[in-house]
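The values are calculated or read from the model by the stated rules, or taken from the named source; none is laboratory data. These numbers come from a predicted model, not from an experiment. Cβ: placed from backbone, ideal geometry, glycine included. Neighbour counts: every protein chain shown.
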């Protein structure tokens, strides 16, 4: 965060304590607007680094989990449809017993 404090100090013509307080207040409020999984990346940027691979990896992991869940839901829906078709066939179709 020292990198960002230095920028705030120079741009706003503040002393060290004022720049630190302003930067901390800003980052605290800023982080409230983003999911916790991005807080490390925000801190990294505040230190002068780049938004990096860590966030991309997290998003890729989330995407992969969502794809797995969608595939599983599709498989369950297909199985459910087969069971419904079978039951309707038994009740109303050729499989009906008198």
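Those residues that are in a helix (DSSP H, G or I), modelled with pLDDT under 85 and in contact with a helix residue (DSSP H, G or I) (Cβ under 9 Å, 6 or more places away or on another chain), I need them from region 31-72; list them, please. Residues satisfying the conditions are 37, 54, 55, 58, 59. Number of residues in region 4-17 that are assigned to a helix (DSSP H, G or I) and either within 17 Å of residue 45 (Cβ to Cβ) or touching a helix residue (DSSP H, G or I) at 6+ places or on another chain (Cβ under 8 Å) (or both) equals 9.
Is at least one residue of region 46-60 touching a residue at least 24 places away in the same chain (Cβ under 8 Å) and surrounded by 13 or more Cβ atoms within 10 Å (Cβ to Cβ)? Yes: region 46-60 contains one or more residues that are touching a residue at least 24 places away in the same chain (Cβ under 8 Å) and surrounded by 13 or more Cβ atoms within 10 Å (Cβ to Cβ).
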